[in-house]
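Single-structure report; data block below.
Here, each number is a calculation from the coordinates, and none is a lab measurement. Because the structure is a prediction, the values reported are computed rather than measured. With ideal geometry, Cβ positions are generated from the backbone for all residues, glycine too; neighbour counts draw on all protein chains shown.
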């Protein structure tokens with residue numbers, strides 16, 4: 001898959017015509033996949049490219065903090081490749097891009113850089129300065145500049161619209177099963193394993209402490225059944241997200257215990273898939289009560305993760 005970054009004038013110097021899907025595509029969820037499928041069905045042999053942004057436009061245009069991302073840009077690129085796209089073009093959304101009119105945006109990126117013959121967007125797509133451009137405006141520009149436009153309907157799942165914001169909300173409340181249904185795969189985090197206080201090992205349940213890149217959505221506090229990938233191997237386990245109140249903790253951590261196996265994960269990168277939430281985090285009156293609950297959590301996780 002080709003990856004275009006930096007100066008858009010250098011992206012496509014041989015003027016290959018593309019079928020282009022435009023969007024942030026944070027999470028690369030089922031709604032995004034519907035856009036790609038519609039684009040492929042009408043591409044008639046054209047290479048398919050996702051035109052996306054390195055960061056959320058809200059980071060520049062909004063006075064309020066931008067919402068947390070579902071994926072890093074690197075993971076988003078990998079997921080787009082898994083969707084079978086031929087290319088990904090990444091716009092660095094800065095103040096210059098922010099002030100482009102709808103026409104200037106299309107002329108610079110869609111036509112000038114990608115020589116688009118066909119463009120697909122989701123329902124309600126907005127673009128250009130102050131989000132002043134609509135899908136109807138995009139169609140008018142396409143008629144003038146030589147490309148057709150497909151607008152896909154929002155995907156609904158049991159009455160819930162599949163949107164990145166809805167997935168963030170599900171994760172933030174611990175509803176990782178709902179998030180997985182909207183994503184089309186389990187919600188995941190990826191981070192490095194760092195040294196902790198080894199309290200889990202002293203209790204008989206060694207844990208890996210995961211550090212996440214900043215700016216990503218974090219699951220609600222609690223205990224989860226998880227699947228972990230490290231060095232290409234997949235292990236089952238339980239994860240505790242929270243402050244460890246039994247021991248008077250205050251900083252939120254993400255810890256993973258891989259049951260039935262003892263493997264050194266220190267300094268490795270681990271991808272953790274959150275399969276289901278087992279319970280809320282809670283404070284126990286004794287270490288023995290905590291140990292008994294961890295043992296019960298492991299049994300629940302084994303049932304959830306059973307083949």
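Extension gain, residue 94 to residue 287: 0.36 nm times the residue separation minus the Cα-Cα distance gives 64.3 nm. Shown here: the stretch 238-307, whose C-alpha atoms stretch 34, 29, 21 Å along the first, second and third principal axes, sorted largest to smallest.
Reported value for the stretch 187-305: 99 Å³ per residue, from the convex hull of its C-alpha atoms. Along each principal axis, taking the top coordinate minus the bottom one, the Cα set of the stretch 88-177 gives 45, 28, 24 Å in descending order. The protection proxy used here, the mean number of other Cβ atoms lying within 10 Å of each residue, ranks peptides 85-98, 215-228 as follows, highest first: 215-228, 85-98. Take every pair of alpha-carbon atoms less than 8 Å apart whose residues are at least six positions apart; their mean separation over the length of the stretch 88-199 yields a relative contact order of 18 percent.
Over the C-alpha trace of the chain, radius of gyration and Dmax come out as 22.2, 73 angstrom. Measure nothing but the geometry: give the 0 to 90° angle between the long axis through the Cα atoms of 30-43 and the longest principal axis through the Cα atoms of the chain, rounded to 10°. Tilt relative to the chain: about 30 degrees. The angle separating the long axis of helix 73-82 from the principal Cα axis of greatest extent in the chain is about 80 degrees.
The angle separating the long axis of helix 287-305 from the principal Cα axis of greatest extent in the chain is about 50 degrees. Per residue, the average separation of C-alpha pairs within less than 8 Å and at least 6 apart gives the chain a relative contact order of 16 percent. Simple spin-label estimate for residue 234 and residue 140 gives 5.0 nm between the two label positions (7 Å along the Cα-to-Cβ direction from each Cα).
Structure remark: mean-square fluctuation, Gaussian network model of the chain, C-alpha springs under 10 Å; the largest value among 192, 214, 286 belongs to 286. Reported to the nearest whole Å, the Cα centre-to-centre distance from the stretch 110-152 to the stretch 163-188 is 29. If you model the stretch 2-154 as an ellipsoid using its alpha carbon gyration tensor, with each semi-axis the square root of five times an eigenvalue, the axes come out at 21, 18, 16 Å, biggest first.
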